[in-house]
Amino acid sequence: GSGFRKLLLPFVLDLMRLPLGILTGVGFIGAGAVLRRGSMLQGVTTAATMWFVTVVGLCFGGGQLGLGIAATLVGMFVLWGLKWVDIAMPRIRKARVGVIAENNAAVDDAMRTGFPPRRFRLKLLSRRYSEDRLSEARYEISWHAHPREAPPLDCLERLRAEPGVKSVEWRL
């Protein structure tokens with residue numbers, strides 16, 4: 001009778017615990033897919049897509065076919081649309097430039113002329129002086145550009161043409 005029911009009451013299955021456990025587990029797996037490299041995050045779309053596909057799978061597994069189909073179509077549309085937005089967005093690109101010139105002022109002037117501040121951000125990494133009165137400086141340069149856009153080789157040419165500049169090294 002009722003004594004047996006009271007004994008089994010703590011063991012009654014709560015159907016919402018299964019999907020919540022699955023979503024929590026996939027959330028942890030998705031968090032492992034997110035990587036941070038400097039100021040850039042990678043894997044966020046992958047993690048969100050994994051979680052979304054899990055929700056769609058739970059819809060189909062729970063018998064909600066209409067909801068599962070609608071969610072699949074919306075998800076595909078959003079991911080496809082965001083792919084094109086991602087391609088069109090400019091990104092911060094970085095390179096390292098080494099300059100050898102006759103003196104510090106020549107290096108600094110050449111860098112400001114070659115890489116205008118309105119378009120580029122310069123960060124001095126190191127400066128070295130040699131016995132033959134040459135100055136070597138290494139800079140990190142960052143700028144906004146589209147992924148398919150070529151590096152600013154015109155700026156390198158301007159830098160190389162500056163008076164007092166002996167050599168220029170460029171590394172992406």
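The values are calculated or read from the model by the stated rules, or taken from the named source; none is laboratory data. On a predicted model such as this, the values are computed, not experimentally measured, just so you know. Note that each Cβ is placed from the backbone with ideal geometry, even for glycine, and that neighbours are counted across all protein chains shown. Ligands, DNA and RNA are stripped out before the accessible areas are found, and what is left, the full protein with its side chains, is counted by its heavy atoms. Shrake-Rupley method; radii C 1.70, N 1.55, O 1.52, S 1.80 Å.
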Listed by chain and number, the aspartates and glutamates with an alpha carbon less than 12 angstrom from that of residue 94, same-chain partners under 8 positions apart left out, are 140
Nearest 10, in degrees from 0 to 90: the angle of helix 65-88 to the longest Cα principal axis of the chain is 0 degrees
Taking the reciprocal of mean 1/r across every pair of different Cα atoms in the chain, the Kirkwood radius in Å is 21.4 Å
Share of accessible surface on carbon and sulfur in the chain, whole %, 1.4 Å probe and ligands ignored, is 64 percent
Expressed in nanometres to one decimal, the distance between label points 7 Å along Cα→Cβ at residue 130 and residue 83 is 5.1 nm
Toy charge model, Lys and Arg Cβ at +1, Asp and Glu Cβ at -1: the chain dipole around Cα centroid in debye, rounded to 20, equals 400 debye
In degrees rounded to 10, the 0-90 angle between helix 44-61 Cα long axis and the longest Cα principal axis of the chain is 20 degrees
Of the residues 87, 139, 20, the Cα lying farthest along the dipole of the chain towards its positive end, which is defined by charges on the beta carbon of Lys, Arg, Asp and Glu, belongs to 20
With every protein chain kept in place and a 1.4 Å probe, the residues 40, 111 fall, from largest accessible area down, as 40, 111
Rounded to whole Å², per residue accessible area for the chain with a 1.4 Å probe reads 73 Å²
When every protein chain stays in place and a 1.4 Å probe is rolled, 72, 24 sorted by accessible area with the largest first are 24, 72
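Using the crude model of +1 on Lys and Arg Cβ and -1 on Asp and Glu Cβ, and no other charge, please compute the dipole size for region 106-158 relative to its Cα centre, in debye to 20.
Charge dipole, region 106-158, about its Cα centre: 280 debye, nearest 20.
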When every protein chain stays in place and a 1.4 Å probe is rolled, 59, 155 sorted by accessible area with the largest first are 59, 155
What helix-only [θ] at 222 nm does the chain give? Using -39500 (n - 2.57) per DSSP H run of at least 4, over all residues, to the nearest 500, the answer is -16000 deg cm²/dmol
Under a 1.4 Å probe, counting only protein heavy atoms, residue 154 has an accessible area in Å², nearest 10, of 80 Å²
At q = 0.25 1/Å the base-10 log of I(q)/I(0) from the Debye formula over the alpha-carbon atoms of region 42-101 is -1.04
